[in-house]
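The next block holds one structure in the form of structure tokens; read it before the comments.
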Amino acid sequence: MKPVIKNLLIVLIVAFAAVVSFLVMPPSQQAMPEISFTDIDGGEHQLVDYQGNPILMIFWATDCPGCIKEMPELIALHDEYAEQGLKMISVAMPHDYPEHIKTMRKQKGLPYLITWDKTGEISEAFDNVRVTPTHFLISPEGEIVMRKIGALKSEQLKQRLAVMGLEPIQS
């Protein structure tokens, strides 16, 4: 076999093995960041205070059409899982304004905790989030088990919550 073909074959085999291992290996779990934040009503929080429960972090913006479109689905998730311990924390991006965030909460009837990431520290702590919506599911043990950029797929989320022992409350 010619050396060029042999080298090309080796490169292809190594590349194929890398792709297969990436697809087959479960994503590495990362610990949730140790952050503190103030909600839009002035309440002080530390993310670690919610450990022991699943946490859904939702990065969004008032000017994001996809974020606004998924709000009814997020409200339904809250209604189905909050009593069982799911904590939902909505993080408005730095370019937003508190008045807009509070108006959106009132107009849409958002029942979960909302904070404004005024300085971008929360976004930075979660791998520098820049695209909205972006969601993170954190296990009760404090491990980030899901990162979803774009529209949330509630069925996938519900499957992950079921693994954590949560089942939706039927209304």
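The values are calculated or read from the model by the stated rules, or taken from the named source; none is laboratory data. Every value quoted in this text rests on a predicted model; they were computed, and no experiment measured them. Because the Cβ atoms are built from the backbone with ideal geometry, glycine has one as well, and the counts that use them run over all protein chains shown. Just so you know, the surface numbers come from the protein's heavy atoms only, side chains and all, with ligands and any DNA or RNA stripped out. Shrake-Rupley method; radii C 1.70, N 1.55, O 1.52, S 1.80 Å.
Some notes on this structure:
- Each residue in segment 138-148 was checked for being open to solvent by 40 Å² or more (accessible area, probe 1.4 Å) and either among the small types (Gly, Ala, Ser) or touching a Phe, Trp or Tyr at 6+ places or on another chain (Cβ under 9 Å) (or both), and 2 pass.
- So Val163, is it β-branched (Val, Ile, Thr), out of contact with any Lys or Arg (no Cβ under 6 Å at 6 or more places or on another chain) and surrounded by 14 or more Cβ atoms within 10 Å (Cβ to Cβ): no
- In the condition set (1) open to solvent by 30 Å² or more (accessible area, probe 1.4 Å); (2) not in a loop (DSSP other than H, G, I, E, B), His135 is compliant with all but (1).
- Any chance Val129 is open to solvent by less than 40 Å² (accessible area, probe 1.4 Å) and under 16 Å from Thr38 (Cα atoms): no
- Residue pairs meeting the criteria (Cβ under 7 Å; at least 6 apart or on separate chains; first in a helix (DSSP H, G or I), in segment 50-65; second open to solvent by 10 Å² or more (accessible area, probe 1.4 Å) and of a type outside the set (A, V, I, L, M, F, W, C)): Tyr50/Lys87
- Each residue in segment 65-83 was checked for being within 14 Å of Gly150 (Cα to Cα), open to solvent by 10 Å² or more (accessible area, probe 1.4 Å) and of a type in the set (A, V, I, L, M, F, W, C), and 1 pass.
- Count of segment 116-126 residues which are open to solvent by 50 Å² or more (accessible area, probe 1.4 Å) and in contact with an Asp or Glu (Cβ under 8 Å, 6 or more places away or on another chain): 1
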